[in-house]
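Rule-based calculations on the coordinates, nothing more; no lab input. Model, not experiment: these values are computed from the prediction. FYI the Cβ positions are ideal-geometry reconstructions off the backbone, even for glycines, and counts take in every protein chain you see.
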Amino acid sequence: MSDIGIWITALATLAIYSFLYRDNPFYKAAEYLLIGLTVGYSLVISVKTVLWPGLVLPLLGGDTAKIIPLVLGGLMFIRLVPKLGGWSRIPLAVYVGAGAGVSIPAMLKARVLQQMGATMSNVTTISGVIMLVGVITTILYFYFSREQKGLLQPVAKIGTYYMMIFFGATFGYTVMSRVSLLIGRMEFLLGDWLRLIAR
Amino acid sequence: MKLDRRIIFMIVALAVVVPLLFPLGLPVAVTDETRAVYERLERLEQGSVVMLSFDHEASSLPEVRPLAEAILNHCFRRNIRVVGLALFAEGAAVGYDILHDLAARHDKQYGHDYAYLGYRPQYTAAILGMGESIREVFPTDYDDTPYDDIPLLREIRNYGDIGLVVSVADGSLPTYWVEYAQARYGQEIIAALTAVMVTAYAPYVDAGQISGVLGGLKGAAEYEILLGRHAAGKRGMDAQSLAHLSIAVMIVIGNVVAFGLRRKNETTEAGGHSS
């Protein structure tokens with residue numbers, strides 16, 4: 001990164017962190033800069049890598065089949081005209097229909113069937129039994145068709161303990177993740193910018 | 001009792017900055033999960049192809065860059081060829097920089113030892129499409145060179161020619177790799193994740209749908225130890241440990257104080273009732 005780039009990055013980092021003291025114009029400026037850059041970058045890369053080579057160039061080359069996505073894409077924007085807004089439902093219907101058709105079987109297989117298979121085929125080990133008990137008790141906690149009384153109550157209670165362990169582990173990892181981001185910025189400020197540590 | 005939260009920010013900042021300036025050299029133990037990922041890459045034959053997908057945003061760079069670098073160092077050191085791509089727009093330029101940077105350090109030649117396909121939106125369609133033909137999904141590389149003009153890519157038709165997919169991710173993208181590449185085409189997947197995502201993928205590892213997970217800066221540090229290198233991951237571990245310790249201590253102190261105050265209030269109320 002060039003020296004100018006390092007200075008801009010360092011000042012933007014300090015502007016963002018200044019929010020920890022209190023809200024201020026420097027933070028606001030850095031926030032707006034981030035949003036603007038993100039949108040601009042996404043737009044440019046979408047045009048450069050998708051719209052231009054995938055739609056414009058084939059159309060200019062005589063690929064008439066690309067008229068279909070062009071029309072469907074255009075209809076998505078027609079909702080900006082309130083009187084014609086209903087037409088935007090056509091591409092949305094195509095999008096939702098295709099998306100559901102592709103994703104439902106895949107999700108069912110990967111997230112339900114394979115997961116169930118792994119849970120049930122592993123009960124010969126202690127960890128497998130612990131896992132199976134966790135799955136059953138947690139699912140029963142979310143069984144809402146009957147009041148949690150009698151046998152269901154202690155079983156569902158066990159499910160809540162499993163969930164609390166999960167929440168605790170997830171929180172721990174979240175802290176670790178956020179601290180890692182802080183370390184990354186501090187390494188940049190102390191190393192690349194102030195050159196107090198070796199990079 | 002109310003504590004200014006800026007004091008907490010200051011304590012955490014000090015816990016991070018001080019060990020960066022004055023390293024403590026605290027030991028880092030290598031976990032079985034990291035070792036499993038390392039050994040999986042070790043088992044790949046020289047010359048085989050790893051597909052590295054930069055499925056993250058720029059904001060998570062401090063965590064994902066050490067992970068990607070550790071994997072790439074291992075691949076290039078073992079003469080494993082790498083095909084990079086990005087399924088998040090922000091990952092595209094980041095991936096381009098990281099891949100070229102690491103390849104230059106290992107004297108690898110673009111087009112023969114590695115290639116970078118760039119970004120495609122609609123990750124579901126992209127992952128599914130590559131199962132049939134990678135060329136159809138990426139007719140050119142990131143620099144607009146036609147797919148067939150790149151020697152490495154000419155050898156690769158679909159997942160059948162890919163030894164391993166590594167998704168460097170800060171979100172749910174590895175789930176889509178599992179659903180559309182692993183479940184449908186039997187493609188082996190490894191996930192290099194930000195720490196916050198690790199618990200979400202443990203069931204997939206347990207079920208064998210993901211071959212291994214490398215988690216966060218700690219995972220990168222462990223991998224660097226296995227590689228015998230000292231880089232960004234290992235450097236940050238002192239700061240990570242001290243920051244965690246300070247947070248844990250503050251949580252304990254906060255709970256002790258809160259518990260004490262509650263008991264004091266209960267005692268006061270009980271005294272009031274009895275009088």
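Given their separation in residues at 0.36 nm each and the Cα-Cα distance between them, A:Ala98 and A:Met1 gain 30.6 nm when the chain is fully extended. Once backbone amide H atoms are built at 1.01 Å from N, B:Val82 has B:Val50, B:Tyr114, B:Ala115 as its partners under 5 Å, excluding neighbours fewer than 5 places away on the same chain. Once the C-beta distance of B:Asp148 and A:Met107 is scaled by a Förster radius of 35 Å, the resulting FRET efficiency is 0.50 to the nearest 0.05. So if I take the centroid of the Cα atoms in segment A:1-64 and the same for segment B:1-66, what is the distance between those two points in Å? About 25 Å separates the Cα centre of segment A:1-64 from the one of segment B:1-66.
Taking 0.36 nm per residue of sequence separation and removing the Cα-Cα distance, the B:Asn79/B:Thr124 pair yields an extension gain of 13.2 nm.
Selection among B:Val249, B:Leu226, B:Pro139 by position relative to the dipole of segment B:126-249 gives B:Val249 as farthest towards the positive end (Cβ unit charges, Cα centre).
Shape analysis of segment B:31-233 places it in the rounded category; the axes a ≥ b ≥ c from the Cα gyration tensor give an a/c below 1.5. Using R0 = 25 Å, the C-beta based FRET efficiency linking B:Val249 and B:Ala13 works out to 0.95.
Near B:Pro27, once Lys and Arg are set to +1 and Asp and Glu to -1 for all other residues with Cβ below 14 Å from its Cβ, the sum equals -1. For chain A, the 222 nm mean residue ellipticity estimated from helices alone, with every DSSP H stretch of n ≥ 4 adding -39500 (n - 2.57) and the total spread over all residues, rounds to -21500 deg cm²/dmol. Residues whose amide H falls under 5 Å from that of B:Tyr119, counting only those 5 or more places apart or on a different chain, are B:Ala86, with hydrogens built in the peptide plane.
Projecting the Cα atoms of A:Leu43, B:Gly271, A:Leu60 onto the charge dipole of the protein assembly as shown, computed from C-beta unit charges around the Cα centre, puts B:Gly271 farthest toward the positive end. Dipole magnitude for the protein assembly as shown: computed about the Cα centre from +1 point charges on Lys and Arg Cβ and -1 point charges on Asp and Glu Cβ, it is near 1400 debye. Antiparallel beta bridges, as assigned by DSSP with both residues in chain B, represent about 5 percent of the total such bridges. Between A:Leu152 and A:Lys48, the contour length at 0.36 nm per residue exceeds the alpha carbon distance by 31.7 nm. Over chain B, dividing the summed -39,500 (n - 2.57) contributions of all DSSP H runs of at least 4 residues by the number of residues returns a 222 nm mean residue ellipticity of -17000 deg cm²/dmol.
Projecting label points 7 angstrom from Cα along Cα→Cβ for A:Tyr32 and B:Thr267 puts them 5.5 nm apart. Projecting label points 7 angstrom from Cα along Cα→Cβ for B:Glu132 and A:Val81 puts them 3.4 nm apart. With respect to chain B, whose longest principal axis is taken over its alpha-carbon atoms, helix B:237-274 is tilted by about 30°. The chymotrypsin sites (Phe, Trp or Tyr not before Pro) of segment A:1-100 that meet both conditions, a loop assignment by DSSP and at most 14 other Cβ atoms within 10 Å of the site Cβ, are A:Tyr21.
For B:Lys234, a cut-off of 17 angstrom between C-alpha atoms picks up these lysines, skipping any fewer than 8 places away in its own chain: B:Lys218.
In sequence order, segment B:128-140 has phi-based couplings of 5, x, 5, x, 9, 7, 5, 4, 5, 7, 10, x, 9 Hz under the Karplus curve 6.51 cos²θ - 1.76 cosθ + 1.60, θ = phi - 60°, and Gly or Pro positions carry x. The trypsin sites (Lys or Arg not before Pro) of segment B:11-99 that DSSP puts in a loop, and whose beta carbon has at most 15 other beta carbons within 10 Å, are B:Arg78.
Not counting the cut sites, what is the longest span of chain B without GluC sites (Glu not before Pro) that DSSP labels loop and that have at most 11 other Cβ atoms within 10 Å? Result, exposed sites excluded: B:156-275.
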